[in-house]
């Protein structure tokens, strides 16, 4: 997660609420749900049996990009109230659903070589999602390289490699540099990036998966020349799979304040003044996260790694 | 830390701000600093050379107890802006200072058998302080039991044992039950409890150590019959050493709101109404913590364990 | 595991091979398999479908105790070549099998209050089995205490609590002291102890589960007054569930030597002389373990915790 | 560490003992210490005050390479009986000594950009040395990139970045591929590789540091096209810093056997026959390590990371 990037994530919509990595939350900030936004296509599906709701936001042109403050591309949001529960009845159908959408966004995985990247800092519980997913993966690339095509066919495998590069404060390098280097040497066809995200509302924490084909920004932090992890910078397709695990502390305060003041009849302009005045530098490096975050991360990372294992090793558990 | 106890920590002062485990912050909520509160004695010391400020709050009678919402006893607060920095110039003098106050509150440690208890959940970064301290301790009790008094004298040791009991959601037992059992079997003269605390303001996070002789309440959680870790319940003296590592999310929101509204000229009564209205159940299980919490916890727990190692093994590193 | 106890585990059979915690391996050291040993009853079952072999050794009297060098009681050994493989086809039937034998040895678990103890040092991979199992348990005692009998019945739960006490070098206390204290306070009807064991042969490592009703000796180490974890010392029934994860380095060397020399035609007496001469003090604190020990421990601890979760929470995953 | 490479490490000397990564142990296998070996220069220094012994083996030509079974280059071995002890009196002088030899082999570090690579698997205690060292490093590259040359001079820093790439079974990639990629992107002048090594004798475990300028072979494992981490393959200078933390189980058995049989008067030829006969496939993936390996690794990795921090950030702790 890009802990330090709040100030870079300003967008046209930022005054209508704090930082969010979820396209769905940006879309929701436009109060009238049914109003069509030019350049933005919205589609909802519900799977009641699985207790899952899937929303697809497609940003199709520059106009949509500007309004949404997110790059052109497809954003699939899976809302699953039981995502963080340790219960076979939930995580199995969920991992199948995630696998389905990853495959769909990738345009199929058959005979593709894929590199999975677990972003984040394994020492901070809510940011350990990426490394935890990678820890549970069943990598296959070295086996296929060694034992050949026949072995691959026999076991119904696709080639998958994986890395947890660490964060810049641990490595002294931008994540984009490390990944670009690994791509240069191992030539994958597709990169799947896993990361913990920031949401705007606590209700979504640990209950939502966002899958996009637009890439992602890791903790660029101090530097200016940060490298987004996307097709343009990496030269290969990038699918980003994220789960909101924290809310920025400043965001949560302004969200509550905004809601409260609006209810009290203050004008939008007045609310803005309030919030700006309240701007508290001590909050800048604080985040909000649920108290059971350890178990949630453990369960969610297991569900996602099972989804990916299914994608690349169909024979597994069959 | 007692993640789930917010609702139990109501006190006379609770309307004047959210939950805090720091006596110092309760004292500060009485706006006029110089006003004497009956039953409460305040003493301040400063060590400029070490960049440390020490405040002692003594609650001397029922009256003070009621006003402060904390039990009778001594609360020493060491404010050290560099507590979470990995720098020899800071952590050595700090660990000496902590050692000094622990010994003072204990009335000396010579020939006492001491049990150190690391409260908290080692899987949640800001709550891992207690277990991390215990992991770094140099325990001596088994060595003294084995090699005898001469060995003890020769190495200038006191008897120290240590345990990280885990939290109720991990054990199914109250921490008080486990500790009472261990005390029953091993008969220490003194228990020193280490725990992560909640503060009211983010400025204090990871920069403050509170040492008290009043004991502490671990995560009693769902039950009513929670067992405070104090002299009354455990039958031995208890010193609690805590560091605030989180702020309750609801607390931070109401703090900010309160400050803002007061500045806007709202009456205290109005502010209260606002806050009550805003009461958001989804915030109940959320906490706020700094983004560099992993490094901070590592450094602080090291400083505290070094302080305790000095107390019990004078020969160490000398 | 009792890393330091090798010298205490001498038994009548010790000259015929090194240290083993497995009754099965002691029995096997009597070369003629069909010879009946007085006081020892042997029973074998095979479940070809599950690829599991179960051997029950019952030591029925003092005579058997002396010959076997193990206390009177029942020793169930489940040999499962796939125990350490991450494959649903294997670990599910295995966890059911383990659950079955635990229940059988316990004489049923209905309405019993059970304390699970994870012995060992979580920082040493092959010794982390116990703590890892406890980390995965779904404890219920506090829920039943809070929500009552109706809740218990509705969810088909039995009361289970759990603790990982750590090893003496971490706590300064004997494990037996800690457990006795916890029992004194929480009054369980049965204690189930999980521990990593030493085997004599590398073939058994991470492929065998031993379940006994005789208790177990944790790392007594330096002291003489070590406390075995058994009915006599703890005052409640004890079931010990162990998995061999290491071979003592000295054991492995003498085993190989013995085998080789016998094949070369040396007499038993000569072999013994060789081995005694080779006695190498530098080997005393060394152990042998497989190179993939991390994944094995992760998988085995998961299988065992699932077995226990099934025993105490029948509703789980159903 | 290259857990699976035993079969690849055959050399001319392999019959005279099992696998070792230490040039010093190879040299010792030539029984007459004073005999000069062509192409091999030996130099010994002792620092009694620090209780350190330093041996430099220089392999100067193809002849020396062939005899020693190690590539041309310099091998510095620091033998320090207290390397794994948590005692300020030892680890400070030791880390200074290590820093000195690293700087010497590097021909100075002034204005060099250095990439530190922590090889090994963080989930297997004796193999976690490399990742543990990297976890404790104070990386500077991103700071210098951001704040510029003046900042660098003011703080007396050199540019250091660091990565723990994981092992092939975790990533599906050869370590050499990952490192080559990172070098391609970040262009360091020098790579320092940290790894756990295998020794032949248990006496050396956790008490020896080997520093070489010849590079190192990470776990090439299943493939043939393994990539050694050396100047030839990576295009930059490579310094490898290793500590023996395990002995191959097969090695330890044959070492003991050999010693014993020689003492019994068997001829070298006979001994060889014995050992070959004993060749036990079940031992192939077993290693021997001390029982206190967790504390040893923690202490040694701390000492090494302090050595490197001194090299790159002279201002630290000063």
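Values in this text are rule-based calculations from the coordinates and carry no lab data. A quick note: this is a predicted structure, and the numbers were derived from the prediction, not measured. Note that we place each Cβ from the backbone using ideal geometry, even for glycine, and neighbour counts take in every protein chain shown.
Can you tell me the 0 to 90 degree angle between the C-alpha axis of helix B:293-312 and the longest principal axis of chain B, rounded to 10? Around 40 degrees separate the two axes.
Cα extents for chain B along the principal axes, largest to smallest and rounded to whole angstrom: 70, 47, 40.
Each Cα pair under 8 Å and six or more residues apart adds its separation to the average, and for chain A the resulting relative contact order is 24 percent. Computed over the alpha-carbon atoms, the protein assembly as shown gives an Rg to Rh ratio of 0.96, Rh here being the Kirkwood radius from the mean inverse distance. In the elastic network of chain D, a GNM with C-alpha springs shorter than 10 Å, the most mobile of D:25, D:255, D:48 is D:48.
Between B:24, B:190, B:42, the residue with the greatest mean-square fluctuation in the GNM of chain B (Cα pairs under 10 Å linked by springs) is B:42. Take every pair of alpha-carbon atoms less than 8 Å apart whose residues are at least six positions apart; their mean separation over the length of region B:41-185 yields a relative contact order of 16 percent.
Would you mind pulling out the separation of the Cα centroids of region D:127-185 and region A:164-218, in Å? Cα centres, region D:127-185 to region A:164-218: 18 Å. Among A:249, A:128, A:307, the largest mean-square fluctuation in a Gaussian network model of chain A, built with springs joining Cα atoms closer than 10 Å, belongs to A:249.
Each principal axis of the Cα cloud of region A:86-142 was evaluated for its coordinate range; sorted largest first, these ranges are 35, 32, 20 Å. For chain C, the longest principal axis of the Cα atoms and the long axis of helix C:88-106 meet at an angle of about 90 degrees. Look at the stretch A:238-247: the mean tally of other chain Cβ atoms within 10 Å of its residues' Cβ atoms is 1.
How many nm is it between the label spots at residue A:30 and residue D:146, if each spot is 7 Å from the Cα in line with the beta carbon? Here the answer is 3.6 nm between the modelled labels. Look at D:273, A:311 and count the other Cβ atoms within 10 Å of each Cβ; fewest to most, that gives D:273, A:311. Partner shielding of C:251-263 amounts to 4, given as the average count of beta-carbon atoms from other chains within 10 Å of each residue beta-carbon.
Taking one quarter of the surface of the C-alpha convex hull of region C:139-245 gives a mean projected area of 8.4 nm².
Between helix C:175-186 and chain C, what is the angle of the helix's C-alpha long axis to the longest principal axis, kept within 0 to 90° and rounded to the nearest 10? The helix C:175-186 is inclined about 20 degrees to chain C. Using every pair of distinct Cα positions in region A:66-171, the Kirkwood expression returns a hydrodynamic radius of 16.5 angstrom.
Per DSSP H run of n ≥ 4, the term is -39500 (n - 2.57); total these for chain D, divide by its residue number, and report the mean residue ellipticity at 222 nm rounded to 500 deg cm²/dmol.
Here the helix-only value at 222 nm equals -11500 deg cm²/dmol.
Partner shielding of B:127-137 amounts to 2, given as the average count of beta-carbon atoms from other chains within 10 Å of each residue beta-carbon.
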